[in-house]
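Working notes for the structure below.
The values are calculated or read from the model by the stated rules, or taken from the named source; none is laboratory data. Note that the structure is predicted; figures quoted are calculated from it, not measured. Positions of Cβ are generated from backbone atoms using ideal geometry, with glycine treated the same way; all protein chains shown enter the neighbour counts. With ligands, DNA and RNA removed, areas are computed over all heavy atoms of the protein, side chains included. Shrake-Rupley method; radii C 1.70, N 1.55, O 1.52, S 1.80 Å.
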Amino acid sequence: MRRTASRSRRSRTPVRTAAVLAAAGLLLTGCTAAGKAGDSGPGKSADDAAVKVGLVYSRTGLLADYGKQYRDGFMAGLDYATKGTRKVAGHRIEVTEQDDAGDPGKAVSAAKNLIGKGYKVLAGTTDSGVALQMAPLAAQNKVLYVSGPAATDAVTGINGYTFRSGRQSYQDILTAGAMLGDAEGKKVTVLAQDSTFGQANVTAVKGVLGAKGAKVGSVLAPPSATDLTPFARQVKAGGPDLVFVAWAGSTAPALWTALDQQGVLGAGKVVTGLAGTASYPVFGAAGAKVSFLAHYFPGAGGGNAVEKAMLDAVTKAGGTPDLFTPDGFTAAQMIVHAIAEGSATDPAAMVKALEGWSFDGVKGKAQVRAEDHALVQPMFVARLTGKGAALKPELLDTEPSDTVAPPVKPSAG
């Protein structure tokens with residue numbers, strides 16, 4: 001059963017050319033310089049030895065805005081979880097930042113370099129394709145890997161050393177399903193790019209709504225496509241009861257314009273994920289005609305103490321809290337807990353400490369599911385109000401974590 005939540009509003013930032021729409025489809029004192037491995041130095045006691053954490057994320061590239069959100073959240077979460085000391089269980093935490101630029105090859109190269117220097121903890125990536133390469137590497141080398149905003153369901157249960165600090169596509173779909181109502185006999189079309197992210201959404205929609213009796217089809221566009229009118233026409237011709245849009249990249253404005261011009265938005269319910277602040281104006285006149293499932297936006301957590309701490313810390317540091325800021329914050333909470341209750345040097349003990357852990361998060365109560373390391377968490381339903389650059393999200397409902405929990409997928413190893 002859904003709980004009606006209070007309304008929450010916030011100001012917008014200007015739309016950027018590289019605004020990314022994701023739906024079931026973002027200076028550390030005492031840390032090492034970006035790209036350089038930390039060294040506790042000679043003469044340090046075991047208690048004083050640093051725990052080195054490799055933060056691999058998109059500092060540049062298509063998902064750079066989301067990468068910054070994740071990184072800002074991580075630093076704020078590290079302060080919160082260590083009460084500002086940057087120490088846990090007597091050990092300093094040193095963070096080395098590496099830019100994957102959304103390239104799996106660069107991410108794997110950076111991770112191998114860090115592992116070769118003795119790093120036992122890796123975190124990050126805003127890209128699903130990158131996460132799917134990082135996870136096996138973590139298992140092969142027996143290091144803890146806490147994946148970030150990457151939404152592909154394949155990360156959950158992929159192996160015993162991989163966890164996730166964000167939501168996954170299945171949770172998005174379950175939230176969308178709540179908006180569809182009784183799915184039996186309904187026709188659902190997934191409109192997405194032909195990419196890892198897009199295909200994951202098609203699979204998730206079929207797995208969730210198809211299992212409930214919906215007839216699920218898809219319209220997939222090449223990621224390089226710029227003329228999206230033919231795809232909008234294809235969706236309209238299918239006459240779906242619900243269109244689930246999972247789109248990423250700078251072509252988002254063209255997509256929503258095409259959907260509006262071809263009458264898709266008026267023909268049935270259109271659902272997509274609420275992306276970052278910069279993306280809101282991308283919807284233009286279409287914004288008021290779309291229903292949004294939301295992973296997070298500032299205020300969605302109801303102003304709980306953890307959310308307030310994150311918002312205050314990120315803002316004070318000069319950042320702007322946004323869609324994937326909680327993913328970084330949560331990753332830091334998880335890593336600190338893994339060290340405090342597990343080990344500073346033994347990833348197997350870290351894994352054991354995280355499995356089944358329940359905690360107060362930015363979005364509310366969350367739990368690391370022991371069986372497959374899914375992060376069970378609440379999700380939100382929202383709408384955009386206002387016009388143009390003044391569009392802002394309004395929280396309509398909160399879907400409890402148990403109602404949007406993905407099915408258990410036992411860890412592969």
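The table that follows gives values for the structure above.
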quantity: Cα-based shape type of the stretch 150-192, given that a ≥ b ≥ c are square roots of the gyration tensor eigenvalues and the cut on a/c is 1.5; calculated: prolate
quantity: Unit charges on C-beta of K, R, D, E only; dipole of the stretch 313-413, Debye; calculated: 380
quantity: Interchain or long-range residues, amide H under 5 Å from ARG383's placed H; calculated: GLU394, LEU396
quantity: Per-residue HN-Hα couplings for the stretch 75-91 [Karplus 6.51, -1.76, 1.60; θ = phi - 60°; Hz; x = Gly/Pro]; calculated: 5, 5, x, 5, 5, 5, 5, 9, 6, x, 8, 6, 10, 9, 6, x, 10
quantity: Loop sites in the stretch 51-116: trypsin sites (Lys or Arg not before Pro), DSSP, at most 13 other Cβ within 10 Å; calculated: LYS83
quantity: Descending principal axes extents, the chain, alpha-carbon based, whole Å; calculated: 71, 41, 41
quantity: Projected-area average for the stretch 122-261 over all orientations - Cα convex hull basis, square nanometres; calculated: 8.7
quantity: Projected area, mean over directions - the stretch 262-386, Cα convex hull, nm²; calculated: 10.0
quantity: Translational diffusion of the stretch 49-91, µm² s⁻¹ [Kirkwood Rh, Cα pairs; Stokes-Einstein; 10 °C; 1.306 mPa s]; calculated: 137
quantity: Square roots of five times the Cα gyration tensor eigenvalues for the stretch 191-255, Å; calculated: 21, 14, 8
quantity: Cα-based Rg of the stretch 184-311 normalised by 2.2 N^0.38 Å, two decimals; calculated: 1.11
quantity: Dipole moment magnitude, nearest 20 debye, the chain about Cα centre, only Lys, Arg, Asp, Glu C-beta charged; calculated: 560
quantity: Accessible surface, the stretch 294-412, averaged per residue in Å² (probe 1.4 Å); calculated: 36
quantity: Top positive-direction residue, dipole computed over the stretch 179-333 with Cβ charges, set GLY318, ALA192, LEU209; calculated: LEU209
quantity: Segments 337-348, 288-299, 140-151 sorted - mean Cβ within 10 Å per residue, highest first; calculated: 140-151, 288-299, 337-348
quantity: Carbon plus sulfur fraction of accessible area for the stretch 144-193, probe 1.4 Å, in percent; calculated: 51
quantity: Listed residue (GLY129, ALA338, ALA305) projecting farthest to the positive dipole end of the chain, Cβ model; calculated: ALA305
quantity: Reachable lysines, given that their alpha-carbon falls under 22 Å from the alpha-carbon of LYS120 and they are not under 8 places away in the same chain; calculated: LYS36, LYS44, LYS52, LYS87, LYS106, LYS112, LYS142, LYS352
quantity: Unit charges at the beta carbon, dipole of the chain: most positive-side option, TYR170, TYR119, SER291; calculated: SER291
quantity: Descending semi-axes in Å of the stretch 312-354, equivalent ellipsoid built from Cα gyration tensor; calculated: 28, 10, 6
quantity: Estimated [θ] at 222 nm from DSSP helical runs (n ≥ 4, -39500 (n - 2.57)) normalised by residues in the chain, nearest 500; calculated: -10000 deg cm²/dmol
quantity: Residues whose placed amide H lies under 5 Å from that of LYS215, excluding near-sequence neighbours; calculated: GLY185, LYS186, LYS187, VAL188
quantity: 15 Å Cα-Cα reach of LYS289 towards aspartates and glutamates, excluding residues that sit fewer than 8 places from it in its own chain; calculated: ASP241, ASP260, GLU394
